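The values are calculated or read from the model by the stated rules, or taken from the named source; none is laboratory data. What you see is a predicted model, and the numbers here were worked out from it, not measured in a lab. For neighbour counting, all protein chains shown are included, and Cβ atoms are generated from backbone atoms with ideal geometry for every residue, glycine included. Accessible surface areas use protein heavy atoms only, side chains included; no ligands, DNA or RNA. Shrake-Rupley method; radii C 1.70, N 1.55, O 1.52, S 1.80 Å.
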Amino acid sequence: MKNMGNMMKQVQKMQKQMQEAQEALKEKTVQGTAGGGMVTITANGHKEILNIEIKPEVVDPDDIEMLQDLVLAAMNDALKQVDDLVAKDMGKFTGGLNIPGLF
């Protein structure tokens with residue numbers, strides 16, 4: 001029974017550490033770019049978009065589709081970087097296992 005109590009304490013400690021790590025991700029940011037830096041999107045570790053920068057020279061009223069493609073590419077780059085950040089920060093709790101729904 002003593003071992004069960006110790007195991008529960010360890011689980012509670014790990015849950016607290018995971019929660020703290022999850023909260024810390026909100027403070028970490030990544031930047032996704034496209035078009036050689038013409039479009040830059042900043043996101044935090046909770047996949048919230050914080051900022052979008054578009055260089056004026058990429059704005060062409062006759063080619064809106066290109067600008068849309070650049071924004072989309074920068075967004076996807078930022079979100080991939082968030083996924084990598086989360087996997088790195090939270091992976092230490094799962095030993096590298098990707099457990100769906102955990103984070």
Next on the checklist: Rolling a 1.4 Å sphere over the protein heavy atoms, what is the accessible area per residue of region 1-99, to the nearest Å²?
Outcome noted: 70 Å²
Next on the checklist: Using a 1.4 Å probe on the protein heavy atoms, what percent of the accessible area of the chain belongs to carbon and sulfur?
Outcome noted: 55 percent
Checklist entry - Taking the Cα centre of the chain as the origin and placing charges on Cβ (Lys, Arg +1; Asp, Glu -1), which of Ile54, Gln10, Leu79 is farthest toward the positive end of the dipole? => result Gln10
Checklist entry - What angle do you read, to the nearest 10 degrees and between 0 and 90, between the alpha-carbon axis of helix 64-94 and the longest principal axis of the chain? => result 10 degrees
Checklist entry - Peptides 33-46, 77-90: what's the order by average Cβ count within 10 Å, highest mean first? => result 33-46, 77-90
Item to check | Potential extension, Glu65-Met8 segment - 0.36 nm per residue separation minus Cα distance | outcome: 15.0 nm
Checklist outcome for this item: Rounded to the nearest 10 Å², the 1.4 Å probe accessible area of Glu23 is 110 Å²
